[in-house]
Amino acid sequence: MKKHLLTLSIIAALAACSPAEKPKPTEKSEEQQTGKIDAPALEQKLIVKVYDEKINAKFIKFSADLIEQFWQKNPGYAVYVGYYKYDDQLSIPDEAGLKAEIVFTKEKLAQLQAFDVSELNPSNASDYYILQNQMQSSLFNVEELKSHQWDPSNYNIAGVFGVILNTDYKAKDERLRTIFKRMEFVPEYYQAAKANITTPTINHTKLAIQQNQGALGLFTGALHTAMTESNLSTQEKADFNFRIAKTTSAINDYVSWLEDKLKQIEADGSAKDFRIGEALYEKKFALDIYSSLTAKQLFDKAEAEKNRIHGEMGKLADKLWPKYFATQVMPDNKLVAIKALIDHISVKHVEREKFVASVKAQIPQLEKFVSENNLLEMDADKPLVVRETPEYQRGFAGASINAPGPYDAGANTYYNVTPLDAFNDDQAESYLREYNHWILQILNIHEAVPGHYTQLVHSNKSKSLVKSIFGNGAMVEGWAVYTERMMLEQGYGDFEPELWLMYYKWNLRVIMNSIIDYSIQVTGLSEQGALDLMMNEAFQEEAEARGKWRRATLSQVQLTSYFTGYSEIYALREELKAKLGDKFNLANFHNQFLSYGSAPVPIIREMMLNSL
Ligand code: ZN
Ligand code: ZN
């Protein structure tokens, strides 16, 4: 689950850097808010609107220019998405850079204002809102959230250098020359970083130390080796060595500067709290997630959903207890009984040697279920390639979708599954119990069919660069989570109680992500409090819960994207069902929903309602 779409994590990181008031494109008229659209209004909508081609062409030109300028200003991010025009540039995050960023985003926002959205066709209109949201986000990050002042892990150069070194987009010697040019900026980059960091948090400082120490290895290891083995001239190699030395010394200097800083803030108590508090959290939530709800409303919704699911699990426990524990009395505490059942049946899992093969075998079964039940359109032209994760991409065990970037749309989509080779017997057993017989099926629904992979195939048809670059994370994750429940409700697995019990456990994880993220960042939930919630109320293992606590102290809002997107998609479906009655068709709903690309759910909702 961790890293499908490299771009997604970048979006999260980017978002970590950015917007303003919230003139949400989702502002709805009263009638839309109540879901009441009267009949005459509906009939008017049936007249197909003719859009002014000139205005739309002008907007397309505007967004293409904006993206080009964006890459110019963010050359490293461009490399991540496969756009290499500025690959020898490293932008310096200094005062002048920050000011330029503000000027740029304000200028773009003003230019956007000059367009009349009602003149744009649906695809351009949604691009419009996405771009506006991006610009607002970026302004918010620089002017209000200011993580450049308190999050030293914002500064780390290794990733992009690694991509240039390891991606075969031009001859290796040329890539090395690019790297050589790019390294020139490193000392200045870290100078700017040190000047920016005024009020670091302890957690982000520790993370930055750890990550930058890790970065050193790339320069002294893989890069140095590649350079030595290259066809560069003797002089080039000498210059290269000199520049590697300057680069590593800049990184080392940054690390020791951070170590001193850490000692100092720990000693004098001047560290900034990693919790961003309610006001910033609400704003960041509005901009990053792009929900129709406030963060607080979402939190309340997650609480209610958690309670509902505990109730459903309780009923399943009543049913399953006698089957597995005939001779034992069921504990009074339902949560304890549920936990015992989950632990007991988790021993049903595939053999470790067959892990990759069983994932592979499941994909056609899922596709068959989807098409036999006419749940949505599947594209046979672009089959998913299931493979063992390439060595250089392993790090986490697990499975993830590896999709081609927006500039390489013709490439294969891979479902990377990591074999359990690196595990000892105990680790493998524990992993296999977690991804047991039932959870593994739900994981495949989520990652592949009809989750992330299927959504990607549909979104590639909408051909919007804006949406593939700035796609909405809550929509993307929400869709994958939505399909898990949809498949089970449509009868995948024949309503087997064990499958539903495991599904609820899995689903509680995304609900709990939302609950703890809000509680930690806004209401000051402690580590122990968070662990208790995750372990006792969401049946998580301690290691998982501790990892999640750490993540929730280092990021804000992103953990809520899964549940927000999912619950909004589900609510939209139910809304349309109620509205259309007999005319509602599930496949049509899914196909139309996916046709807008990775746009925020509230925007898709508006477009779907408008198309009725
Ligand atoms: Zn076992
Ligand atoms: Zn996912």
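Odds and ends about this structure:
- Boolean, Ile515 is under 30 Å from Thr205 (Cα atoms) and in contact (Cβ under 8 Å) with a residue 60 or more places away in the chain: yes
- Neighbours by Cβ (under 6 Å, 6+ apart or cross-chain): first from segment 560-571, in contact (Cβ under 8 Å) with a residue 60 or more places away in the chain; second of a type outside the set (Asp, Glu) and not in a helix (DSSP H, G or I): Ser561/Ile289; Thr564/Ile289; Thr564/Ser291
- Every condition in (1) among the basic types (Lys, Arg); (2) within 19 Å of the chain's Cα centre (by Cα); (3) within 16 Å of ligand 1 (Cβ to nearest atom) holds for Arg394 except the one numbered (3).
- Only one of Asp273, Asp288, Asp253 that is of a type in the set (Asp, Glu) and farther than 23 Å from Asn141 by Cα: Asp253
- From the list Leu525, Leu499, the one residue that fits, being away from ligand 1 (no atom under 16 Å from the Cβ) and in contact (Cβ under 8 Å) with a residue 60 or more places away in the chain, is Leu499.
- The set of residues in segment 170-185 being out of contact with any Leu (no Cβ under 7 Å at 6 or more places or on another chain) and in a helix (DSSP H, G or I) consists of Lys172, Glu174, Arg177, Thr178, Phe180, Lys181, Met183.
- In segment 592-602, residue nearest to the chain's Cα centre (by Cα) [restricted to those that are assigned to a helix (DSSP H, G or I) and within 17 Å of His458 (Cα to Cα)]: Val601
- Residue in segment 312-333 that is of a type in the set (A, V, I, L, M), touching a helix residue (DSSP H, G or I) at 6+ places or on another chain (Cβ under 9 Å), over 20 Å from Val510 (Cα atoms) and within 16 Å of ligand 1 (Cβ to nearest atom) present: no
- Note on segment 412-459: residues that are hydroxyl-bearing (Ser, Thr, Tyr), away from ligand 1 (no atom under 16 Å from the Cβ) and more than 13 Å from Glu353 (Cα to Cα) amount to 6.
- Residue satisfying all of: in segment 118-169; among the β-branched types (Val, Ile, Thr) and assigned to a loop (DSSP other than H, G, I, E, B); nearest to Thr201 (Cα to Cα) among these: Ile157
- Residue within segment 578-591 that is surrounded by fewer than 21 Cβ atoms within 10 Å (Cβ to Cβ), farther than 22 Å from Lys339 by Cβ, under 17 Å from the mean Cα position of the chain (by Cα) and in contact (Cβ under 8 Å) with a residue 24 or more places away in the chain present: no
- Enumeration of residues in segment 72-84 that are in contact with a helix residue (DSSP H, G or I) (Cβ under 7 Å, 6 or more places away or on another chain) and either loosely packed, with under 15 Cβ neighbours inside 10 Å or part of a loop (DSSP other than H, G, I, E, B) (or both): Val81, Tyr83
- Only one of Tyr482, Tyr503 that is within 14 Å of ligand 2 (Cβ to nearest atom), modelled with pLDDT of 95 or more and surrounded by 19 or more Cβ atoms within 10 Å (Cβ to Cβ): Tyr482
- Among the helices (runs of 4 or more DSSP H) confined to segment 457-560, the ones with at least 3 residues that are β-branched (Val, Ile, Thr) are located at 473-489, 497-521.
- Taking the conditions (1) crowded, with 18+ Cβ neighbours inside 10 Å; (2) under 25 Å from Ser346 (Cα atoms) in turn, Leu456 satisfies each one other than (2).
Yes/no per residue for (1) in contact with a Lys or Arg (Cβ under 6 Å, 6 or more places away or on another chain); (2) of a type outside the set (Val, Ile, Thr); (3) under 30 Å from Lys368 (Cβ atoms):
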site	(1), (2), (3)
Lys467	no, yes, yes
Thr483	no, no, yes
Met486	no, yes, yes
Lys505	no, yes, yes
Ile520	no, no, no
Ala545	no, yes, no
Ala552	no, yes, no
Val557	yes, no, no
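- Here Ala226 meets each of (1) surrounded by 13 or more Cβ atoms within 10 Å (Cβ to Cβ); (2) under 31 Å from the mean Cα position of the chain (by Cα); (3) within 17 Å of Gly159 (Cβ to Cβ) with one exception, condition (2).
- Taken across segment 347-364, residues that are more than 29 Å from the chain's Cα centre (by Cα), at pLDDT 95 or above, away from ligand 1 (no atom under 16 Å from the Cβ) and in the same structural domain as Ala480 (by TED's automatic domain parsing) do not occur at all.
- Contacts under 6 angstrom Cβ, first residue in segment 51-66 being in the same structural domain as Ala110 (by TED's automatic domain parsing) and on the phi < 0 side of the Ramachandran plot, partner at pLDDT 95 or above and surrounded by fewer than 17 Cβ atoms within 10 Å (Cβ to Cβ), 6 or more apart: none
- Of all residues in segment 208-245, those satisfying the criterion of being closer than 22 Å to Ser270 by Cα and modelled with pLDDT of 95 or more are Ala208, Ile209.
- Exactly one residue among Leu531, Leu508, Leu525, Leu559 is at pLDDT 95 or above, more than 16 Å from Phe299 (Cα to Cα), surrounded by fewer than 24 Cβ atoms within 10 Å (Cβ to Cβ) and assigned by TED's automatic domain parsing to the domain that holds Tyr324, and that residue is Leu531.
The values are calculated or read from the model by the stated rules, or taken from the named source; none is laboratory data. Quick caveat: nothing in here was measured; it's all calculated off a predicted structure. Reconstructed Cβ throughout: ideal geometry from the backbone, glycine too, with neighbour counts over all protein chains shown.
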